[in-house]
Amino acid sequence: MGGLRALAARHALLPLRIFLGVTFVYAGLDKLTDSAFLSATGDGSIGDLMRGVRDTSAIPALVDLSLKAPVGFAVALAIGELLVGLGVLAGLLTRIASVGGALISLSLWLTVSWAVTPYYYGNDLIYLLAWTPLVLAGAPYLSLDSLIRSRRSRRTA
């Protein structure tokens with residue numbers, strides 16, 4: 001039983017990695033394939049979304065910045081989500097990818113879901129907090145990071 005407990009403890013972050021990775025890959029692909037979202041105006045567009053949350057966001061200047069080039073912002077957001085998700089799923093540069101995921105979640109919380117009440121209805125805050133263990137621990141097992149680390153240590157030994 002001690003072996004099973006140790007195995008479970010060692011792989012405890014794997015479900016979180018898989019969930020966040022799949023979610024961010026899906027979110028990025030969903031945005032990149034949604035022509036309505038990738039528009040400056042119209043129903044479901046990034047432009048209309050950002051104009052709708054501007055006055056209730058914690059940082060209206062951040063929303064204003066996105067509105068200078070809403071389609072470019074939407075593409076950058078989608079590509080960022082896709083890269084973060086793929087990095088975390090593969091376990092490649094996991095801490096850096098997780099910081100990226102946390103920053104995306106933080107910016108969405110401070111803009112899009114800031115005015116959601118009660119606060120626990122907004123999902124961006126929990127995503128921000130969910131990235132924290134991966135920022136701190138990375139992906140020590142079942143990852144390209146661990147494979148690279150083990151190959152480096154064999155070469156130096």
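Annotations
- Note: relative contact order over the chain, using C-alpha pairs below 8 Å and six or more positions apart, is 25 percent.
- Accessible surface of the chain [probe 1.4 Å, protein heavy atoms]: carbon and sulfur percent: 69
- Highest mean first, the peptides 41-48, 9-16, 95-102 sorted by other C-beta atoms within 10 Å per residue fall in the order 95-102, 41-48, 9-16.
- Anisotropy class of the chain from Cα gyration tensor, a/c 1.5 cut: prolate
- Over the chain, dividing the summed -39,500 (n - 2.57) contributions of all DSSP H runs of at least 4 residues by the number of residues returns a 222 nm mean residue ellipticity of -23000 deg cm²/dmol.
- The protection proxy used here, the mean number of other Cβ atoms lying within 10 Å of each residue, ranks peptides 51-63, 144-156 as follows, highest first: 51-63, 144-156.
- Helices that extend 24 Å or more along their long axis by alpha-carbon positions and average at least 1.6 on the Kyte-Doolittle scale are, among the DSSP H runs of the chain, 70-90.
- Dimensions of the range 82-122 along the principal axes, based on C-alpha atoms and rounded to the nearest Å, stand at 36, 15, 14, largest first.
- Whole-number accessible area per residue in Å² for the chain, which is evaluated in the context of all protein chains at 1.4 Å: 59
The values are calculated or read from the model by the stated rules, or taken from the named source; none is laboratory data. The structure presented is a predicted model; accordingly, all values stated were derived computationally and were not measured. Here the Cβ is made from the backbone with ideal geometry for all residues, glycine too, and neighbour counts use every protein chain on show. Surface areas here come from the heavy atoms of the whole protein model, side chains and all, with no ligands, DNA or RNA. Shrake-Rupley method; radii C 1.70, N 1.55, O 1.52, S 1.80 Å.
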